[in-house]
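Visitor: Could you have a look at this structure, given as structure tokens, before my questions?
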Amino acid sequence: MRQTSWPGRGVLVADDAGAIVGFVDLRPAEDDDPDAVGVGEITGFYVLPAAWRQGVGRHLMAAAVRGLHAAGYMSAMLWVLEANTRAVRFYSQLGWEPDGSSRDRLVRYRRNLG
């Protein structure tokens, strides 16, 4: 098991009365292209369907953005399945935009943090 290096790497969880209803995994970007150097990445983001449309995802994403910014990143990226229209809409509403990179039906989104 690796020890986290918060705020540059770690997992944030959202809970409801002690039950985990969502999480986000943060770390330095690990893509091989030069555009990923010095960029934070959200490698996992999940909210239980029972908690959708209750603000859990928005609060979790806001905490992730604050955490990545506190770690010194000026921008962040995440990958989303292009067919996942619900996730694409969610990320777009929160200021994430496709940056033109794609692979295996995934599209990379970016957001400035500053």
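Visitor: Of all residues in region 30-51, which are of a type outside the set (Val, Ile, Thr) and modelled with pLDDT of 90 or more? Reasoning before the result, please.
Guide: Step one: list which residues in region 30-51 are of a type outside the set (Val, Ile, Thr), which gives 30-36, 38, 40-41, 44-46, 48-51.
If the condition is that a residue be of a type outside the set (Val, Ile, Thr) and modelled with pLDDT of 90 or more, then Gly40, Glu41, Gly44, Phe45, Tyr46, Leu48, Pro49 are the ones that fit.
Visitor: Looking at the structure I just gave you, is Met77 touching a residue at least 24 places away in the same chain (Cβ under 8 Å), within 11 Å of the chain's Cα centre (by Cα) and assigned to a strand (DSSP E or B)? Give the steps one after another, and end with the answer.
Guide: Working: touching a residue at least 24 places away in the same chain (Cβ under 8 Å): yes; within 11 Å of the chain's Cα centre (by Cα): yes; assigned to a strand (DSSP E or B): yes.
Spelling it out, Met77 is indeed touching a residue at least 24 places away in the same chain (Cβ under 8 Å), within 11 Å of the chain's Cα centre (by Cα) and assigned to a strand (DSSP E or B).
Visitor: Considering region 15-36 alone, what residues qualify as being in a strand (DSSP E or B), aliphatic (A, V, I, L, M) and out of contact with any strand residue (DSSP E or B) (no Cβ under 7 Å at 6 or more places or on another chain)? Reasoning before the result, please.
Guide: We begin by selecting, within region 15-36, every residue in a strand (DSSP E or B); these are 15-16, 19-28.
With aliphatic (A, V, I, L, M) added as a condition, the list becomes 19-21, 24, 26.
Residue satisfying the conditions is Ala19 alone.
Visitor: Among the numbered criteria (1) modelled with pLDDT of 95 or more; (2) assigned to a strand (DSSP E or B), which single criterion is violated by Leu12?
Guide: Failing condition for Leu12: (1).
Visitor: To continue, here is another question. For the structure I just gave you, tell me whether Ala62 is open to solvent by less than 50 Å² (accessible area, probe 1.4 Å) and not charged (D, E, K, R).
Guide: Details: open to solvent by less than 50 Å² (accessible area, probe 1.4 Å): yes; not charged (D, E, K, R): yes.
Yes, satisfied.
Visitor: Are any residues in region 28-47 within 20 Å of Ser102 (Cα to Cα) and under 14 Å from the mean Cα position of the chain (by Cα), and if so, which ones? Give the steps one after another, and end with the answer.
Guide: Here is the first cut: in region 28-47, the residues within 20 Å of Ser102 (Cα to Cα) are 28-45.
Listed by number, the residues that qualify are Pro28, Ala29, Glu30, Val39, Gly40, Glu41, Ile42, Thr43, Gly44, Phe45.
Visitor: Of all residues in region 80-105, which are part of a strand (DSSP E or B) and surrounded by 14 or more Cβ atoms within 10 Å (Cβ to Cβ)?
Guide: Quick first cut of region 80-105, residues part of a strand (DSSP E or B) only: 80-81, 97-103.
Of everything in region 80-105, those that are part of a strand (DSSP E or B) and surrounded by 14 or more Cβ atoms within 10 Å (Cβ to Cβ) turn out to be Val80, Pro98, Asp99, Ser101.
The values are calculated or read from the model by the stated rules, or taken from the named source; none is laboratory data. Note that the structure is predicted; figures quoted are calculated from it, not measured. Quick reminder, even Gly has a Cβ in these numbers, built from the backbone with ideal geometry, and neighbours come from all protein chains shown. Calculation scope for accessible area: heavy atoms of the full protein, side chains included, ligands and nucleic acids excluded. Shrake-Rupley method; radii C 1.70, N 1.55, O 1.52, S 1.80 Å.
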